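Before any comments, here is the structure.
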Amino acid sequence: MNMVVMVDMEGISGICRKSQVRSDGEHYQAARRYLTWDINACVDGCFKGGATQVTVRDAHGSGFNFIWDELDSRAVYAQGAGRCGARLPGLGKADGLILLGYHAMAGTQQAILEHTMNSAEWQNFWLNGRKAGEIAIDAGMAGDCGVPTLMVSGDDKTCREARRLIKGVITVEVKQALDLEYGILLPKEEAHRRIRDGAARAVSQYRAIRPFKVSRPVRMRLELVSRGVVPVGRPGVRVIDGRTYEVSGPSVEAALRLLGG
Ligand SMILES: [Zn+2]
């Protein structure tokens, strides 16, 4: 049983402010420890649930947030970023995907650090006509490979978004969001217990959850924050209005590439 864990930072236990998720932020170094603890709880849960192989992808910002020498030694870790290579390495051979530390889509009310892909540039995003966020993008990418998304962790709004999208997905709520940078956080032992238990359950029941399939062609529409930067004239781009454009592709990954994401 081969698991891939994709890790973002905004939905990690103990995190509720921008200064924790930006590498130049005042609270970033402490937040990296919280991130590493959540990962270790998740990896432990995966092995308890019956996983034989776990690959963990550092998917926040530069892809270089984990504290490498404190990570569980039973898993392997994909870190860094480059121009080549898949967003989710090893996905093709995986039996299941976990989205750890995720956040709600751009525009969600009372959600901690909500955004979609790029908070400075992306205002709103639609997948096949439905407003969507990173859970839909990554679960859809896995679905294209026939891989089910088994578990999502984050705040209450993230968990709600995941349940609306993926039938039967296990959600692990580690905090209750009150505003963009404000929430009620669980103590770390309880957060880690929930993550460990959720991952063990997700892995042991992996056959019960179907892959999240996005129908083809995959249509992506992006409304930008700024005016005057829609890529007019770029091949495959259909301009909707002064801040919005649309692309279509044969898969989630292909459409995302056309979108420039
Ligand atoms: Zn992030």
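If you bin all the Cα-Cα distances of the range 216-261 at 10 Å, starting from zero, the percentages per bin are 31, 55, 14.
For the range 103-185, the Kirkwood estimate of hydrodynamic radius, built from reciprocal distances between every pair of different alpha carbons, is 13.0 Å.
Distance between the modelled labels on residue 179 and residue 109, one decimal in nanometres: 1.6 nm (7 Å Cα→Cβ projection).
A simple charge model with +1 on the Cβ of Lys and Arg, -1 on the Cβ of Asp and Glu and nothing else charged puts the dipole of the chain at about 900 debye relative to its Cα centre. Each peptide in 143-151, 181-189, 117-125 gets a packing score, the mean of other Cβ atoms within 10 Å over its residues, and the list from highest to lowest is 143-151, 117-125, 181-189.
Distance between the C-alpha centres of the range 210-227 and the range 1-58: 26 Å, rounded to the whole angstrom. In terms of distances greater than 30 angstrom between alpha carbons, the cross-link table entries 48/175; 48/167; 188/213; 131/188; 175/213; 48/93 yield 188/213; 131/188. If you take the Cα centroid of the range 118-136 and the Cα centroid of the range 59-113, the two points sit 18 Å apart.
Loop-resident chymotrypsin sites (Phe, Trp or Tyr not before Pro) (DSSP state other than H, G, I, E or B) in the range 53-105 with no more than 16 further Cβ atoms inside 10 Å of their Cβ: 64. Across the chain, the fraction of Cα-Cα pairs farther apart than 29 Å, rounded to a whole number, is 26%.
Read the figures in this text as sums done on the coordinates, not as results from a lab. Keep in mind that what you see is a predicted model, and the values were worked out from it rather than measured. Heads up, the Cβs are rebuilt from the backbone with ideal geometry, glycines too, and the neighbour counts pull from every protein chain shown.
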